[in-house]
Amino acid sequence: MHQTSSRLLRMTDEERPFTRDFKDLFSTLMVSLPLSPHRVRFRNVDFTFTSEEAINNLGSLKFSQSNRMPDPKDPSRIVTTTTTTTFSMAREMARSVCQRFMDARFIEPADLKPVNLFPLKHAIWQLTPKGINVLQHFCQRNGITQPHVMSLIASSRNTMQLVTLERDSVTDKLSHDRATIEVIFRRFVGQEGPNISTSVSSSDSDSINDYYNGLVGVKMARDRKVSDRTVHNTFTGKATVDWLVDCCTTVDKREAYEIGSSFVQLGLIHCVLEDKSYVQQHPREASFQPTRQAVYALTDKGQRLAGWVTRDQSFDSNGSGKIGNQPGSSRADVPRETNTNRLTVILSDAALRLLFREHLRDTHCEENLSFYLDVVEFTSTFRAIARKNEPPRIDTVRETLAAAYGLYNAFLAPGSPCELNIDHQLRNSLASRMTRAVGDDQGMITSLREVADLFDEAQNQVFKLMASDSVPKFLKEPRYATVLREHDFENAVASNQYAPHITSERAISKLVRYAGSRER
């Protein structure tokens, strides 16, 4: 069975590709390249490629995802389901896309010298730690095991732990709620403590390898002379942008500017030295100045949030992050199925979802949340189709069904790269449905309804698994206690305790409202 879907590369209002499509395009290109050693300044650099190779391959890219399994009705028969995605573009567009890959910090010159423009030829490139992280997730999801790609992923250059930012699926804009910005800020100032440089020159340097793992915070100068005073632990606007582009799933500097502005607006950082030239040229964007001349420091609020100064409120002795002696926070008030309620609260909060994903990644079960959220998107698209009074467009149905096959091959098929722990009967029902021929247009619509029902059942099983296994471990992690306390987490959970049926459906409905009409 071969499921094929074609669509144009979707563009945002800012005329850039949608992030998910953009990362898929990048990863597909990297898989297509040989990533062989090239001579750079009298030495061989592994896993590199030329400008010409990238531009030529972007002219016609094809990616196929296949899964082979025994027919549930006849084990002697092997059924193969294949989903194929094709990208193609003109040469000038290919160069523009490569420029965007460079701006997103997916790739960098192999000689490590910063450049502003992606040349058509005579340049050698390598993936950044961020680019390797993006490629690794793509390969894990799609079961890609080509030796040259696996060697790169297994190399010492694969060090990045990206901050995964959520986006609105209709506009592709980043989530800018206060809690999410504060989570980003904590990583920005350094999960392992402040990244202090003893000299101003080293803190303001242009090295493109300063942020190699996402845990090291923005470069700060221990002491900086500003006018007639010395200011401690300062950093430039440019360093802020560099960290946000290198260590987060941002895809261009404009998104880093927005997050930097949010840091200022929330009172987490303040400007100690303005770039007057930038302010004059960009008076409407002067709240955050992304230049080397603009210098920033943490406010008192920012230092408290970073944990640099003592907080007025302390945690309870067991480190759970609860606020003591408040109504609804005692153990006696917690219902038996409270972990279900807790997961509902986590999934309904963008900042907590971000931290929960980090925890799942650390415990090697991130695929559970990825599948859960992907089904939210699929369900939103399916419901949008089902709500329409007129018959759905067959192209839309075909594309949605292709997305379903992609989800199945990634998470649910026997032997799939991110195979989930679901019960045997549901797995057989899914295999039977997904290996059955679709037939005519009406058959596709019927198949889509059946697949949506099965995905909903699988999603509920994954929800219960996360609630029973992952949530208790997440809550025991001391590094998350501060955020949970600030979210008044246990009281938020307790407010759901008398609901007659707390299931994943509540979290789904909230996420679907956030997703809008997700059309991938």
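The values are calculated or read from the model by the stated rules, or taken from the named source; none is laboratory data. From a predicted model like this one, the values you see are computed outputs, not experimental measurements. We place every Cβ from the backbone using ideal geometry, glycine too, and count neighbours over all the protein chains shown. What goes into the accessible areas is simple: the full protein's heavy atoms, side chains included, and nothing from ligands, DNA or RNA. Shrake-Rupley method; radii C 1.70, N 1.55, O 1.52, S 1.80 Å.
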Discussion item. Looking at the structure I just gave you, is residue 193 open to solvent by less than 20 Å² (accessible area, probe 1.4 Å) and assigned to a loop (DSSP other than H, G, I, E, B)?
Written reply: no
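Take the conditions modelled with pLDDT of 95 or more and either more than 26 Å from the chain's Cα centre (by Cα) or within 22 Å of residue 348 (Cβ to Cβ) (or both) and apply them to residue 483. Does it pass? Working first, answer last.
Working: modelled with pLDDT of 95 or more: no; either more than 26 Å from the chain's Cα centre (by Cα) or within 22 Å of residue 348 (Cβ to Cβ) (or both): yes.
No; evaluated as a whole, the condition is false for this residue.
Looking at residue 213, is it in contact (Cβ under 8 Å) with a residue 40 or more places away in the chain and either closer than 25 Å to residue 354 by Cα or not charged (D, E, K, R) (or both)?
On the way: in contact (Cβ under 8 Å) with a residue 40 or more places away in the chain: yes; either closer than 25 Å to residue 354 by Cα or not charged (D, E, K, R) (or both): yes.
Taking the combined requirement at face value, the residue satisfies it.
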Worksheet entry | Residue pairs meeting the criteria (Cβ under 6 Å; at least 6 apart or on separate chains; first over 11 Å from residue 161 (Cα atoms) and in contact (Cβ under 8 Å) with a residue 60 or more places away in the chain, in the stretch 131-144; second open to solvent by 40 Å² or more (accessible area, probe 1.4 Å) and not aromatic (Phe, Trp, Tyr)) | 140/417; 143/417
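Do any helices (runs of 4 or more DSSP H) entirely within the stretch 379-497 hold 3 or more residues that are of a type in the set (Val, Ile, Thr) and under 21 Å from residue 358 (Cα atoms), and if so, which? First the steps, then the outcome.
Details: elements: 394-407, 424-434, 441-465, 471-476, 481-486, 489-494.
Correct list: empty, since no element meets the threshold.
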Worksheet entry | Single condition residue 381 does not satisfy, out of (1) under 24 Å from residue 422 (Cβ atoms); (2) out of contact with any Ser or Thr (no Cβ under 6 Å at 6 or more places or on another chain) | (2)
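Specify the residue that is farthest from residue 23 (Cα to Cα); the eligible residues are those in the stretch 168-184 that are among the charged types (D, E, K, R) and open to solvent by less than 30 Å² (accessible area, probe 1.4 Å).
Of the residues in the stretch 168-184, the ones among the charged types (D, E, K, R) are 168, 172-173, 177-178, 182.
Restricting the remaining residues to those that are open to solvent by less than 30 Å² (accessible area, probe 1.4 Å) gives 172, 182.
Working: 172: 13, 182: 25 Å.
So, considering only residues that are among the charged types (D, E, K, R) and open to solvent by less than 30 Å² (accessible area, probe 1.4 Å), the one farthest from residue 23 (Cα to Cα) is 182.
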Worksheet item: Mind checking whether some residue in the stretch 427-447 is open to solvent by 30 Å² or more (accessible area, probe 1.4 Å), under 25 Å from the mean Cα position of the chain (by Cα) and charged (D, E, K, R)?
Response: no
Worksheet item: Within the stretch 19-53, restricting attention to residues that are at pLDDT below 90 and part of a loop (DSSP other than H, G, I, E, B), which residue is least open to solvent (accessible area, probe 1.4 Å)?
Response: 41
Worksheet item: Of the numbered conditions (1) farther than 23 Å from residue 383 by Cα; (2) open to solvent by 30 Å² or more (accessible area, probe 1.4 Å); (3) not β-branched (Val, Ile, Thr), residue 456 satisfies every one except a single condition; which is it?
Response: (1)
Discussion item. Show the residue pairs meeting these rules: Cβ distance below 6 Å; 6+ apart or different chains; first residue within the stretch 146-164 and touching a residue at least 12 places away in the same chain (Cβ under 8 Å) and at negative phi; second residue small (Gly, Ala, Ser) and surrounded by 17 or more Cβ atoms within 10 Å (Cβ to Cβ).
Written reply: 160/214; 161/214; 162/214
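Hey, any hits in the stretch 113-121 for a residue that's more than 22 Å from residue 254 (Cα to Cα), open to solvent by 10 Å² or more (accessible area, probe 1.4 Å) and either hydroxyl-bearing (Ser, Thr, Tyr) or at pLDDT 95 or above (or both)?
Residues of the stretch 113-121 more than 22 Å from residue 254 (Cα to Cα): 113, 119-121.
Going one step further and asking which of them are open to solvent by 10 Å² or more (accessible area, probe 1.4 Å), we end up with 113, 119-121.
Going one step further and asking which of them are either hydroxyl-bearing (Ser, Thr, Tyr) or at pLDDT 95 or above (or both), we end up with none.
The answer is no; no qualifying residue exists.
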Discussion item. I'd like to check something: does the stretch 405-414 contain any residue that is open to solvent by 20 Å² or more (accessible area, probe 1.4 Å), over 28 Å from residue 180 (Cα atoms) and in contact with a helix residue (DSSP H, G or I) (Cβ under 8 Å, 6 or more places away or on another chain)?
Written reply: yes
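Of all residues in the stretch 233-254, which are more than 21 Å from residue 196 (Cβ to Cβ) and either surrounded by fewer than 24 Cβ atoms within 10 Å (Cβ to Cβ) or without any contact (Cβ under 8 Å) to a residue 40 or more places away in the chain (or both)?
Of the residues in the stretch 233-254, the ones more than 21 Å from residue 196 (Cβ to Cβ) are 245, 248-254.
Result: 245, 248, 249, 252, 253, 254.
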Response to the item:
If you go through 505, 519, 490, the only one that is within 29 Å of residue 362 (Cβ to Cβ), touching a helix residue (DSSP H, G or I) at 6+ places or on another chain (Cβ under 9 Å), at pLDDT below 90 and open to solvent by 60 Å² or more (accessible area, probe 1.4 Å) is 505
Practice prompt. Could you please find all residues in the stretch 128-183 being touching a strand residue (DSSP E or B) at 6+ places or on another chain (Cβ under 6 Å), modelled with pLDDT under 95 and in a helix (DSSP H, G or I)?
Written response: 142
